[in-house]
Amino acid sequence: MGIDIEQFTALKKFKEKMRLQGLTESYAGVADFRQKLTRQLGINLNNLIDTLTTNLKPKEKEPSAKSTTINKEAVEALTTLSAEEAKEFLL
């Protein structure tokens, strides 16, 4: 029983594809592995924190067409009132 050259070639191609996508990495020993793992964890945690804080920020909303219309109607109504009527209306 020997090495299946076709399967070995497919495995090497897959491994290279994953490496190019940043999904795998080689290392020379435990210290190298520790350094690369620590670096990748830091990068990914920072990305996660950035994503979470961006999603938690309140988003400014555009006024809806209805609220814009209501505001315009309110302005029109107040401009037709006399100063005394407007004062009573606002209080």
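The values are calculated or read from the model by the stated rules, or taken from the named source; none is laboratory data. Note that this is a predicted model, so its numbers are computed, not measured. Reconstructed Cβ throughout: ideal geometry from the backbone, glycine too, with neighbour counts over all protein chains shown.
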Consider only pairs whose beta carbons are under 6 Å apart and that are at least six residues apart or on different chains; among these, list those whose first residue lies in the stretch 24-48 and is under 27 Å from Leu11 (Cα atoms) and whose second residue is assigned to a helix (DSSP H, G or I). Thr24/Met18; Glu25/Lys36; Tyr27/Phe33; Tyr27/Lys36
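Okay, residues lined up against (1) surrounded by fewer than 10 Cβ atoms within 10 Å (Cβ to Cβ); (2) modelled with pLDDT of 95 or more; (3) in a helix (DSSP H, G or I):
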position: Ile3; (1), (2), (3): yes, no, no
position: Thr9; (1), (2), (3): no, yes, yes
position: Thr24; (1), (2), (3): no, no, no
position: Arg34; (1), (2), (3): no, no, yes
position: Gln40; (1), (2), (3): no, no, yes
position: Ile43; (1), (2), (3): no, no, yes
position: Asp50; (1), (2), (3): no, no, yes
